[in-house]
Amino acid sequence: MAEQFIIHGGRHLKGTIEARGAKNACFPILAATLLTDQECVIDNVPLIEDIFCLIEILNSLGKETSWIKKRTLRIRQRSRLDAKKINQKLVSKLRGSVLLLGPLLVRGKRVRFAQPGGCVIGVRSISTHLDAFSQLGVKIGEEVTERAEYFRFEFKNKPADEVIMNEFSVTATENALLFASAIPKKTIIKAADCDYSTQELVKFLNKMGADIKAFGSHNFSVIGRKKLSGARHKILNDPIEAGTFILMAAATRSDITVENVEISYLEFPLKRLKDFGLPLEIIGKDKVRIKPWASFKMGKVQAMPYPGMPTDLLPLFGVLATQTEGMTLLHDPLYDGRLRYLNELNKMGAQIIFADPHRAIVNGPTVLRGVTVDSPDLRGGASLIVGALLAKGETVINNIYQIDRGYERIEERLQKLGADIKRVKN
């Protein structure tokens, strides 16, 4: 049975909230466990739908997973790794499943793989993955195109010594790193993404026995090993979740302290918020306090590759823009469907004009009013929660499965801050 959030807005929130394990860092590390038959232990695993789904896929491939603590996962080899047994239904449901391709190809040589699913935020081709794998000696069946139901891969040619990525793709870079780590030679990966999840994966692969070093600008040197060992690793706290709570506090003009903040991965958005006029205080190494503000103006917010503005935070800036003075231009060059959540904000009374699929102009401040809205995707859904906390009256948010994919029991955590939010079945 589907669930909804019912939110009565208009309250100023107060208190402390903490970020938990990073979903996007956990994905590639769980995928990396396929590169070894030895035991791996992963700490600080986020208890969210997408992670549960990936764990189930690992089980279908012959892994045995068990929780030894609430957020600590042990992964062992139960039976021989067999790509033919992969749960294709779950692959087609989960975008992050694309990260299984690198390990499966380098170990099993042949893979039949469904088109990965996930958020509907525009055209999310895996062409950058396909191009990288082609350079690494993988043959992609001629009868299969990007829009086909299945891809067919075969690792049969000599891998190139150097791979140049088509774009700064997080998951394509991680797939190339996973693949190259199990090849006993040196591989150079250029034009690579260097965001927090990629850096975490590098740490884990080095613990497993690979020798990966970053050099220059957006480049990696990888010396792989045919047999990698098991390893233990603690997932870093989620910069995007921390950023979500910081922007929620800003939008609602609340006095909130966010704990477990990975400051080094949020330097750019925190600087921009300070530039815009947000009263923001960094406390120690991992806390950020946001205080109510009287005047606030943004102007332009554009998503950029790391170390720039994270695309996953742009929807939260969008709802903040409905409360700030004047016009704010939102620009996401990558995803042509990222701004779809703004249609739901317009239903609530926002004044937003779409320039094209990648750009929108938000006019503020506006009074939002409670209506029934649909969560279009993970981050858009989080922004609608913030909009509902701002709105006068009752807001009903449908399709909250999308939000559960990335935020663990978010309603219970917001209730502790004084939010009037509850989960109901419809």
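Condition (residue is charged (D, E, K, R), part of a loop (DSSP other than H, G, I, E, B) and over 26 Å from the mean Cα position of the chain (by Cα)) applied to the range 162-174: is it met by at least one residue? No, there is no match, as no residue in the range 162-174 is charged (D, E, K, R), part of a loop (DSSP other than H, G, I, E, B) and over 26 Å from the mean Cα position of the chain (by Cα).
The residues in the range 310-340 that are at pLDDT 95 or above and among the basic types (Lys, Arg) can be counted, and the count is 0. Among residues of the range 376-405 being among the hydroxyl-bearing types (Ser, Thr, Tyr) and within 15 Å of Asn426 (Cβ to Cβ), the one that is modelled with the highest pLDDT is Thr395.
Looking only at residues in the range 151-174 that are polar (S, T, N, Q) and out of contact with any strand residue (DSSP E or B) (no Cβ under 8 Å at 6 or more places or on another chain), which one is nearest to Gly137 (Cα to Cα)? Per the criteria, the residue is Asn166. Elements of the type helices (runs of 4 or more DSSP H) sitting completely within the range 371-426 and holding at least 2 residues that are small (Gly, Ala, Ser) and under 20 Å from Ala250 (Cβ atoms): these cover 378-390.
With respect to (1) more than 24 Å from Pro239 (Cβ to Cβ); (2) among the hydrophobic types (A, V, I, L, M, F, W, C); (3) out of contact with any strand residue (DSSP E or B) (no Cβ under 6 Å at 6 or more places or on another chain), the lone exception for Ile403 is condition (1).
Residue-by-condition table, conditions (1) polar (S, T, N, Q); (2) under 23 Å from Lys14 (Cα atoms); (3) surrounded by fewer than 20 Cβ atoms within 10 Å (Cβ to Cβ):
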site	(1), (2), (3)
Ile263	no, yes, yes
Leu266	no, yes, no
Pro269	no, yes, no
Asp275	no, no, yes
Lys285	no, yes, yes
Pro305	no, no, yes
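Of all the listed residues (Ser217, Ser221), the sole one being surrounded by fewer than 21 Cβ atoms within 10 Å (Cβ to Cβ) and more than 18 Å from Leu178 (Cα to Cα) is Ser217. In contact (Cβ under 8 Å) with a residue 24 or more places away in the chain, crowded, with 24+ Cβ neighbours inside 10 Å, assigned by TED's automatic domain parsing to the domain that holds Glu241 and more than 26 Å from the chain's Cα centre (by Cα) - does that describe any residue in the range 333-348? Taking every residue of the range 333-348 in turn, at least one turns out to be in contact (Cβ under 8 Å) with a residue 24 or more places away in the chain, crowded, with 24+ Cβ neighbours inside 10 Å, assigned by TED's automatic domain parsing to the domain that holds Glu241 and more than 26 Å from the chain's Cα centre (by Cα). A single entry from Gly393, Gly326, Gly418 fulfils the requirement of being over 25 Å from the mean Cα position of the chain (by Cα), on the phi > 0 side of the Ramachandran plot and free of Cβ contacts under 8 Å to residues at least 40 places away in the same chain: Gly326. Candidates in the range 178-236 are the residues that are of a type in the set (Asp, Glu) and in contact (Cβ under 8 Å) with a residue 24 or more places away in the chain; of these, the one that is farthest from Gly308 (Cα to Cα) is Glu200.
The values are calculated or read from the model by the stated rules, or taken from the named source; none is laboratory data. In this text, all values refer to a predicted model and were calculated from it rather than measured experimentally. We place every Cβ from the backbone using ideal geometry, glycine too, and count neighbours over all the protein chains shown.
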